[in-house]
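Following: one structure in structure tokens, then a few remarks.
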Amino acid sequence: MNFRKKQDEALDVNITPLIDVVFLLLIFFMIATTFKKDAQIEIDLPKATGQQVKKQGFEVEISIDSLGRYFVNNRRLRDSKIETLKLAIKQTVGDNKNPHIIINSDKDTTYQSVMTAMDAVRQSGMNRFSLTVKQPTPEK
């Protein structure tokens, strides 16, 4: 007869496989995640106190009045929809390659109207545009 006490084995948890799984998940999510640049519109804003920008080849002028009505080269559009604005831009540009788009807006124009104009320019496949500002009058 064996009356010796059995020694209980010490219980331990092997966390090596758990660490391996965590690292594999980390690597998977790092590789699977796509990074998207939110702002794709590049704007070349002229400085209000600087010199007037020289003419840069073929230019198309988009004007927005305080009521949100659009004008392309001083020609009023029938409505304020983005599709109408894109069509007018494409017709005005014609076969000219990479025209410079100038966006003029009234000081009371809504931000949405200006963003719609910039979006229409971008969707029309053009990336050279600027917003105009009025130079301040010198104080006496």
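The values are calculated or read from the model by the stated rules, or taken from the named source; none is laboratory data. Nothing here was measured: the structure is a model prediction, and the numbers come from that model. Here the Cβ is made from the backbone with ideal geometry for all residues, glycine too, and neighbour counts use every protein chain on show.
Can you tell me which residues in region 75-100 are in a strand (DSSP E or B) and either exposed (fewer than 15 other Cβ atoms within 10 Å of the Cβ) or at pLDDT 90 or above (or both)?
Narrowing region 75-100 to residues in a strand (DSSP E or B): 75-76, 100.
Hits for region 75-100 are ARG75, ARG76.
Closer than 23 Å to VAL121 by Cα, loosely packed, with under 10 Cβ neighbours inside 10 Å and either hydrophobic (A, V, I, L, M, F, W, C) or modelled with pLDDT under 70 (or both): is that true of LYS6 in this structure? It would help to see each step written out before you state the result.
Working: closer than 23 Å to VAL121 by Cα: no; loosely packed, with under 10 Cβ neighbours inside 10 Å: yes; either hydrophobic (A, V, I, L, M, F, W, C) or modelled with pLDDT under 70 (or both): yes.
So LYS6 fails the test.
For region 10-44, which positions are closer than 30 Å to VAL121 by Cβ and either at pLDDT 75 or above or surrounded by 10 or more Cβ atoms within 10 Å (Cβ to Cβ) (or both)? Reasoning before the result, please.
Pass one, region 10-44, residues closer than 30 Å to VAL121 by Cβ: 34-44.
Correct list: ILE41, ILE43, ASP44.
Only residues that are part of a loop (DSSP other than H, G, I, E, B), modelled with pLDDT under 85 and within 17 Å of PHE71 (Cα to Cα): list them for region 111-132, please. Before you say what the answer is, go through the steps one by one.
Taking region 111-132 and keeping what is part of a loop (DSSP other than H, G, I, E, B), we get 124-128, 132.
In the following step, the residues that additionally are modelled with pLDDT under 85 were identified as 127-128, 132.
If the condition is that a residue be part of a loop (DSSP other than H, G, I, E, B), modelled with pLDDT under 85 and within 17 Å of PHE71 (Cα to Cα), then THR132 is the only one that fits.
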